[in-house]
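Note sheet for the following structure.
Derivation of every value follows stated rules applied to the coordinates shown; laboratory data play no part. These numbers were taken from a predicted model, which means no experiment stands behind them. Cβ placement follows ideal geometry from the backbone for every residue including glycine, while neighbour counts extend to all protein chains displayed.
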Number of protein chains: 2
Amino acid sequence: MKTDMRVFKTKDALRKALMHLLEQKSLNSISVTELCQLAKVNRGTFYAHYGQVENLFEEYFKTIMKDLADSYQEPYKHVQHLLSRNVNPSTIRIFHHIEKYETFYRIVFSKTVPLSYYYLLFDHVQNLIKTDVSEHYLNGIDIDISMVSAYQANAILGLAIEWHRQDFKQSAEEMNRLLVRILSI
Amino acid sequence: MKTDMRVFKTKDALRKALMHLLEQKSLNSISVTELCQLAKVNRGTFYAHYGQVENLFEEYFKTIMKDLADSYQEPYKHVQHLLSRNVNPSTIRIFHHIEKYETFYRIVFSKTVPLSYYYLLFDHVQNLIKTDVSEHYLNGIDIDISMVSAYQANAILGLAIEWHRQDFKQSAEEMNRLLVRILSI
DNA sequence: ATATTTAATGAACAAGTGTACAATAAAATT
DNA sequence: AATTTTATTGTACACTTGTTCATTAAATAT
């Protein structure tokens, strides 16, 4: 069964209103009332689809995460030299991905948002690393793959956090080079 | 100037009420109203000290962070063999610290809390690592110490996140051994 | 084209939020 | 011990939240 056009319209209006509001104020300060007024959607309708503003944001989040997964499909051309260490070389496409959606990631990394967004990001990176690690590096080694991938995924995200703190002043390319250097220490 | 006894009493009552409520429900579901009713403190008084329930929690958070810093002063007896890699061996006292305050960290790592708590934890670990890294490992190497420490601090926290996900089923001692193994891969 | 299904609306509700201010009570100061 | 200072209280206000339900309107199915 296809989606009702009315549902599509309301969801679209709400998403656009949210994006508009996020350019002015932080996610947690956006009330359901003002969102619905801007989107010209009845407040009751909002509650029929989402319980809170955060749920609406998460829907957008998932489309961004899809791009992140897709970016891993890209050829590994720039990062061959990383294969020497046990981190998936494609991992570092993440910096380009973050750069591409900088506005979005300024929200995801902002203090006030719930930890759940970070976890969603963490999940994606961890899974991408998990696949690679289990295939290439841990043959015959008896160790919890979830732990190894959690370690490596979050290390990368640590750089992303610091990058955000430094107001994304470095380019994605610089961040890649930085990662290579850290891995070689 | 010393603190007014009235202020101490109200803050104490609020802190105790919060701790009591946190054993039953999640932080973000605790309303100012019910907290004040339990603490027998006027709602207006709450707002005179804290703007929201989260601010009260953060005050408690800081006392826990103090314990984390203190735990780093402990002798490095169990972790000498970690010195071979560029991670502060004292770092792994963190697992014992988390184990000690498990109830508390179940909140800090829960999805619904703001990312700011994670950042406060991250900050502490990063600073502890930063000091050590700059002193022992990066002599003459030109690299952003904040980035290196962010990478290493968050890697450790990645293990903590995964530990939380697996419901803290491992002991702190096991987590230490796991870290040693990961570093040796 | 008409009938049927279902989403959106508007109104109304109790409850929580954040703020303000005069009255009160409990500390600190003299 | 009396006075001054200041934290707490009680009350009130406009506003947001989350929910319900009958009514309206738009999309899908016949």
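Can you name every residue in the range A:46-69 that is near DNA strand D (Cβ under 9 Å from one of its atoms) and not in a loop (DSSP other than H, G, I, E, B)?
Within the range A:46-69, A:Phe46, A:Tyr47, A:Ala48, A:Val53 meet the criteria.
Within the group A:Leu21, A:Leu27, which residue is more than 10 Å from DNA strand D (Cβ to nearest atom) and within 14 Å of chain B (Cβ to nearest Cβ)?
Details: A:Leu21 fails: within 14 Å of chain B (Cβ to nearest Cβ).
Just one listed residue meets the conditions, A:Leu27.
Within the range B:2-45, how many residues are away from DNA strand C (no atom under 12 Å from the Cβ), surrounded by fewer than 16 Cβ atoms within 10 Å (Cβ to Cβ) and assigned to a loop (DSSP other than H, G, I, E, B)?
Count: 5.
Of all residues in the range A:2-25, which are polar (S, T, N, Q) and within 20 Å of A:Ile107 (Cβ to Cβ)? Show your work before the answer.
At the first step, the residues of the range A:2-25 found to be polar (S, T, N, Q) are A:3, A:10, A:24.
Hit for the range A:2-25 is A:Gln24, nothing else.
Name the pairs: first residue in the range B:38-53 and closer than 15 Å to B:Lys16 by Cα, second residue basic (Lys, Arg) and more than 8 Å from DNA strand C (Cβ to nearest atom), Cβ to Cβ under 8 Å, at least 6 apart or on different chains?
From the range B:38-53, the pairs are B:Ala39/B:Lys16.
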